[in-house]
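Structure, as structure tokens:
Every number in this text was worked out from the coordinates using simple rules, so none of it is lab data. Quick caveat: nothing in here was measured; it's all calculated off a predicted structure. Here the Cβ positions follow ideal geometry from the backbone for every residue, glycine too, while neighbour counts run over all protein chains shown.
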Amino acid sequence: MKRLNVEPMDAERFEQLTQAYGGESARWPQTDRAPALRYLAATPAAHAMRAQALRLDEVLGAWAPEAASAALRGRIAAGAPVVRGLRPRDLWISGVGLAAACVIGLMVGAGFGATGLGQAPAHEGDTATANISAALDGTPPAVPALDEGES
């Protein structure tokens, strides 16, 4: 449940209320409404403040903006940026770029598959192939591992 404002209303606060929210009490904040209505009932000067706010509300309520003239609308439209659509050439270039990116992706993917990243080289278990590779690279030859069961 909302707690209502229990502070007494004074002339300054009542004037702020009517200037901010107008003369109709339905527009006043609920927390200030009851103290403001009590102040209005007890203070003759508050009636003048409210009457002035009600007149202003009436003037503002009756005001309507004028429709823009054709000349003004034309000047606004002339100053607006031109929105350019995509030309067929632009679509072709963007399509070629997309196709090139796809081909490069496939080539890179195929290259990784051929090298077998994450897999052991084919000659690791084959001592003869390892020795040939070592001789071509100029590194020492591979020594075959002895199984534990053989002596």
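Among the residues making up segment 8-19, those that are in contact with a helix residue (DSSP H, G or I) (Cβ under 9 Å, 6 or more places away or on another chain) and closer than 22 Å to residue 60 by Cα are 14, 15, 17, 18, 19. Looking across segment 17-31 at every residue that is in a helix (DSSP H, G or I) and over 38 Å from the mean Cα position of the chain (by Cα), the one that is surrounded by the most Cβ atoms within 10 Å (Cβ to Cβ) is identified as 18.
Could you say whether any residue in segment 58-71 is part of a loop (DSSP other than H, G, I, E, B) and in contact (Cβ under 8 Å) with a residue 12 or more places away in the chain? Before the answer, list the steps.
To start, the set of residues in segment 58-71 that are part of a loop (DSSP other than H, G, I, E, B) comprises 63-69.
Those left that are additionally in contact (Cβ under 8 Å) with a residue 12 or more places away in the chain: none.
Checked against the condition, which is being part of a loop (DSSP other than H, G, I, E, B) and in contact (Cβ under 8 Å) with a residue 12 or more places away in the chain, segment 58-71 yields no hits at all.
Restricting attention to segment 32-49, the residues being in a helix (DSSP H, G or I) and either among the β-branched types (Val, Ile, Thr) or touching a strand residue (DSSP E or B) at 6+ places or on another chain (Cβ under 6 Å) (or both) number 0.
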